[in-house]
């Protein structure tokens, strides 16, 4: 036996049009906030122009080694095995290129100084660090 529904059966006697509008408003607000947060997080996560330039260049490992000897070996050791600063052997296995560049230029891990070489010098140094 098939039960028939009338229009009255589908009516919702307890539905409140104001509540429905509020719920839709809340849904729209949540979607807008999520979209704005997604845009902001995506925007903040964008690499800086300096970082983009460094990553676009091909570094020279030999030149990078010379740069390391002049600027980094005093703390990280001649063979990058650590001294005052930590060993950098295998550093590219657990840090991305982006994180390596940010580590070098930030100065946020004392006693390491803030150091922002030209993009080519940084690309050379990065090439050397990746070879360790």
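So how many residues does the stretch 58-78 have that are exposed (fewer than 13 other Cβ atoms within 10 Å of the Cβ) and part of a loop (DSSP other than H, G, I, E, B)?
Qualifying residue count for the region: 2.
Would you say residue 107 is in contact (Cβ under 8 Å) with a residue 40 or more places away in the chain and on the phi > 0 side of the Ramachandran plot?
Values: in contact (Cβ under 8 Å) with a residue 40 or more places away in the chain: no; on the phi > 0 side of the Ramachandran plot: yes.
Against the criterion (in contact (Cβ under 8 Å) with a residue 40 or more places away in the chain and on the phi > 0 side of the Ramachandran plot), residue 107 does not qualify.
Pick from 81, 108: which is out of contact with any helix residue (DSSP H, G or I) (no Cβ under 8 Å at 6 or more places or on another chain), at pLDDT below 95, in a loop (DSSP other than H, G, I, E, B) and over 21 Å from residue 59 (Cβ atoms)? Explain how you work it out, then say what you get.
Working: 81 fails: at pLDDT below 95.
Sole residue among the options that is out of contact with any helix residue (DSSP H, G or I) (no Cβ under 8 Å at 6 or more places or on another chain), at pLDDT below 95, in a loop (DSSP other than H, G, I, E, B) and over 21 Å from residue 59 (Cβ atoms): 108.
Being surrounded by 15 or more Cβ atoms within 10 Å (Cβ to Cβ) and not in a loop (DSSP other than H, G, I, E, B) narrows it down to one residue among 55, 88; which is it? Show your work before the answer.
Numbers: 88 fails: not in a loop (DSSP other than H, G, I, E, B).
From the options 55, 88, the qualifying one is 55.
I'm told residue 102 meets every condition in (1) under 26 Å from the mean Cα position of the chain (by Cα); (2) crowded, with 17+ Cβ neighbours inside 10 Å; (3) not in a loop (DSSP other than H, G, I, E, B) except one. Can you identify the failing condition by its number?
Just one mismatch for residue 102, condition (2).
Considering only the stretch 7-52, state which residues are exposed (fewer than 10 other Cβ atoms within 10 Å of the Cβ), over 20 Å from residue 116 (Cβ atoms) and modelled with pLDDT of 70 or more.
17, 18 - these are the residues of the stretch 7-52 that are exposed (fewer than 10 other Cβ atoms within 10 Å of the Cβ), over 20 Å from residue 116 (Cβ atoms) and modelled with pLDDT of 70 or more.
The values are calculated or read from the model by the stated rules, or taken from the named source; none is laboratory data. Predicted model only: the values in this text are computed from it and were never measured. Neighbour counts are summed over all protein chains in view; Cβ atoms, including those assigned to glycine, are modelled from backbone coordinates with ideal geometry.
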